[in-house]
1. Check cross-link reach from Lys112 to the aspartates and glutamates: straight Cα distance under 16 Å, and skip same-chain residues fewer than eight apart.
2. Test of understanding: given the chain, find the longest segment containing no trypsin sites (Lys or Arg not before Pro) that are in a DSSP loop and have at most 13 other Cβ atoms within 10 Å.
3. Taking all protein chains as present, what is the carbon and sulfur share of the accessible area of the chain, in % to the nearest whole number, probe 1.4 Å?
4. For segment 162-172, in order, what is each residue's ³J(HN,Hα) by Karplus, 6.51 cos²θ - 1.76 cosθ + 1.60 with θ = phi - 60°, in whole Hz (x at glycine and Pro)?
5. For the chain, what is the mean residue ellipticity at 222 nm derived from helices alone (per DSSP H run of n ≥ 4: -39500 (n - 2.57); sum divided by total residues; nearest 500 deg cm²/dmol)?
6. Accessible area per residue of segment 122-205 at 1.4 Å probe, in Å²?
7. Which lysines have a Cα lying under 22 Å from the Cα of Lys135, excluding residues fewer than 8 positions away in the same chain?
8. Quick one: Karplus J couplings for segment 48-61, per residue in order, coefficients 6.51, -1.76, 1.60, θ = phi - 60°, nearest Hz, x for Gly and Pro?
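The values are calculated or read from the model by the stated rules, or taken from the named source; none is laboratory data. What you see is a predicted model, and the numbers here were worked out from it, not measured in a lab. Neighbour counts are summed over all protein chains in view; Cβ atoms, including those assigned to glycine, are modelled from backbone coordinates with ideal geometry. For the accessible areas, the whole protein counts, side chains as well, though only heavy atoms, and no ligand, DNA or RNA atoms are used. Shrake-Rupley method; radii C 1.70, N 1.55, O 1.52, S 1.80 Å.
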Amino acid sequence: MLLEGKNALVFGAGGYLGQHVAQRFEAEGARVFRSSARAGTDIAALDATDEAAVDAYIDGVADTAGRVDIVVNLAGVTPGEYNHGKPAAEVSLAQFMRPLAVDTASQFITAKSAFRHMSRQGGGVILFNTSTLAKVGSPWSAPLTASHAATEGMMRSLAHEYGPAGVRVLGVRSEAMPDSPTINYTFATMGAHMGMGFDEMKAFVEQNKTALKALPLASDSAAVFAFAASDMAAFMAGTMLNNSAGHIVD
């Protein structure tokens with residue numbers, strides 16, 4: 001088991017990808033601490049954009065578990081708040097800033113909070129989450145494109161800042177996961193501009209955008225997160241694992 005004996009904090013664990021990542025971490029032997037905007041079974045209620053609340057939560061986990069080994073933040077806004085399918089000229093500044101203020105900002109907050117403990121214990125892994133939007137010029141998706149590109153820039157900066165303390169900072173950049181609610185929404189809204197339904201849009205992306213002619217599911221992305229968090233990736237830092245089915249060719 002890749003993560004046996006590790007304590008992992010999964011923020012946004014109530015979301016679709018968050019559920020899969022938490023389950024995969026547990027399957028790999030980790031003790032998983034789940035939090036999300038809304039409480040649920042085994043999920044603590046936590047606003048990941050509240051710095052004081054995040055500090056208190058991570059301090060509590062460290063007191064309970066003894067150390068903090070892995071932190072991954074998959075918190076985000078509701079699918080409609082990404083405003084996919086809306087021309088940039090119709091996106092207000094507030095709408096544009098929403099993913100930056102939640103997705104990107106919360107990943108910064110949880111990373112720097114976790115580093116307080118990881119630096120003292122001499123190691124740990126902080127994982128970031130983005131999509132191919134960070135690298136490709138997709139129309140009708142300016143807010144999340146900006147957010148994911150900013151997140152990747154932040155990841156590279158923190159990797160060099162935190163690395164000397166033994167803390168690995170890296171992330172996973174995935175292609176659209178068609179089983180997720182966000183991509184169901186995205187394919188519907190983006191497809192409307194192209195005269196396509198969900199199935200047609202999915203097939204279009206698979207056949208025209210990816211080398212493998214297929215798209216990853218959330219469970220596939222969760223497996224990559226588990227690998228990135230494990231000692232098998234011990235010398236990976238400052239990079240986004242490219243889980244794009246060949247849409248991005250580095």
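1. Answer for Lys112, where 16 Å is the Cα cut-off: Asp47, Asp50, Glu51, Asp55, Asp59, Asp69, Asp103, Glu152, Glu161, listed by chain and number.
2. In the chain, the maximal stretch lacking such sites is 39-212.
3. Exposed carbon and sulfur together represent 54 percent of the surface.
4. Taking θ as phi minus 60°, the curve returns 8, x, x, 8, x, 9, 8, 10, 7, x, 10 Hz for segment 162-172.
5. Mean residue ellipticity, 222 nm, calculated: -14000 deg cm²/dmol.
6. Computed with neighbouring chains in place, this is 37 Å² per residue.
7. Cα-Cα hits under 22 Å: Lys86, Lys202, Lys209, Lys213.
8. My calculation for segment 48-61 gives 6, 9, 9, 4, 5, 5, 5, 4, 5, 5, 5, 4, x, 5 Hz in order.
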